[in-house]
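The values are calculated or read from the model by the stated rules, or taken from the named source; none is laboratory data. These numbers come from a predicted model, not from an experiment. Glycine also receives a Cβ, built like all others from the backbone with ideal geometry; neighbour counts cover every protein chain displayed.
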Amino acid sequence: MKIETHTPHIEPDWAEAFLLELRLRGVGGQRIGAALAEVEAHCAESGESAREAFGDPAAYAVELAPARSVVAPDVRRELGTSALGLGGMLLTLAAVGAWQSGARVEVTAGIAAVLVLVLVGTTLVVSRAEQLLRAVVRHWWVAMLGATLPIVLFVGVLLLGRQTVFTVAAMPAFVAGVALLAGSTARSIRTADTVGDPVVGPEGAGGAGTVGEDRVTRALERVGPWLFPVLTVVMALPLLLI
């Protein structure tokens with residue numbers, strides 16, 4: 001997805017790499033906008049390309065912001081919210097299925113193992129947040145592997161670990177699942193409503209350095225908080241109709 005920085009005299013790939021590196025290093029939106037506007041003004045006046053004038057975008061970003069990145073807290077918050085939503089969805093669906101069959105919710109060895117894997121994976125992602133984010137933004141296949149491998153692993157573990165560890169009544173499990181979904185949704189909405197740190201160029205720069213959001217991004221931001229509840233309802237309907 002192309003990032004529009006309103007800097008027509010800067011090569012688009014240079015501007016994107018420069019912006020992403022500064023973001024990964026924890027630089028604020030206004031400071032990034034000012035840096036982009038400064039590069040744009042120089043290139044417009046001198047006729048040089050950004051690479052000719054400032055060199056490699058990542059290296060120039062390091063010169064401007066040598067301090068260490070501070071992205072881990074945001075990643076930790078998002079992972080925690082997603083874990084709540086995923087747990088609530090799985091528990092609610094298990095409760096609906098058990099209620100339909102007149103049985104109790106069975107917690108198997110596979111489910112317990114998946115929960116442990118989620119905790120371990122979340123810890124690793126948080127502790128290596130900066131390295132993982134760099135890999136994702138630079139190599140599309142890393143994001144694909146990160147999205148598919150855990151699913152394959154979890155399904156395999158669930159299929160192998162079918163031994164029942166303990167059982168829970170359907171209604172308490174359903175209430176707990178809905179509570180987790182509500183908590184995840186509330187956290188997502190609160191995060192979405194929080195004023196972010198948009199990249200904005202300085203006044204008098206004619207909009208240079210200001211990154212505009214596209215319609216897809218705005219739509220995803222609105223739908224995102226309701227993703228797990230919607231998925232739960234869609235997946236529960238076939239169980240209720242059986």
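With respect to Ala15, is the statement that it is touching a residue at least 24 places away in the same chain (Cβ under 8 Å) and over 14 Å from Gly207 (Cα atoms) true? For Ala15, the condition - touching a residue at least 24 places away in the same chain (Cβ under 8 Å) and over 14 Å from Gly207 (Cα atoms) - is met. Can Arg218 be described as modelled with pLDDT under 80, in a helix (DSSP H, G or I), basic (Lys, Arg) and surrounded by fewer than 15 Cβ atoms within 10 Å (Cβ to Cβ)? It is true that Arg218 is modelled with pLDDT under 80, in a helix (DSSP H, G or I), basic (Lys, Arg) and surrounded by fewer than 15 Cβ atoms within 10 Å (Cβ to Cβ). Taken over the range 178-200, the criterion of being modelled with pLDDT of 85 or more, more than 16 Å from the chain's Cα centre (by Cα) and not β-branched (Val, Ile, Thr) is satisfied by Ala179, Leu180, Leu181, Ala182, Gly183, Ala186.
For the range 14-58, taking the residues that are modelled with pLDDT of 90 or more and charged (D, E, K, R), the one that is nearest to the chain's Cα centre (by Cα) is identified as Arg31.
Residue-by-condition table, conditions (1) out of contact with any strand residue (DSSP E or B) (no Cβ under 6 Å at 6 or more places or on another chain); (2) touching a residue at least 12 places away in the same chain (Cβ under 8 Å); (3) more than 28 Å from Phe18 (Cα to Cα):
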| site | (1), (2), (3) |
| --- | --- |
| Leu133 | yes, yes, no |
| Ala143 | yes, no, no |
| Met171 | yes, yes, yes |
| Phe174 | yes, yes, yes |
| Thr185 | yes, yes, yes |
| Ala208 | yes, yes, no |
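Considering the range 59-73, the residues that are exposed (fewer than 14 other Cβ atoms within 10 Å of the Cβ) and modelled with pLDDT under 80 include one that is nearest to the chain's Cα centre (by Cα), namely Pro73. Just checking, does the range 166-177 include any residue being more than 25 Å from the chain's Cα centre (by Cα), assigned to a helix (DSSP H, G or I), hydroxyl-bearing (Ser, Thr, Tyr) and surrounded by fewer than 16 Cβ atoms within 10 Å (Cβ to Cβ)? The answer is no; no qualifying residue exists.
Okay, residues lined up against (1) in a loop (DSSP other than H, G, I, E, B); (2) in contact (Cβ under 8 Å) with a residue 24 or more places away in the chain; (3) over 25 Å from Leu132 (Cα atoms):
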position	(1), (2), (3)
Leu20	no, yes, no
Val39	no, yes, yes
Glu45	no, no, yes
Thr81	no, yes, no
Leu86	no, yes, no
Leu90	no, yes, yes
Glu106	no, yes, yes
Gly110	no, yes, yes
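If you go through the range 1-13 and pick out every residue that is more than 21 Å from Asp197 (Cα to Cα) and either at pLDDT below 90 or among the charged types (D, E, K, R) (or both), you end up with 2.
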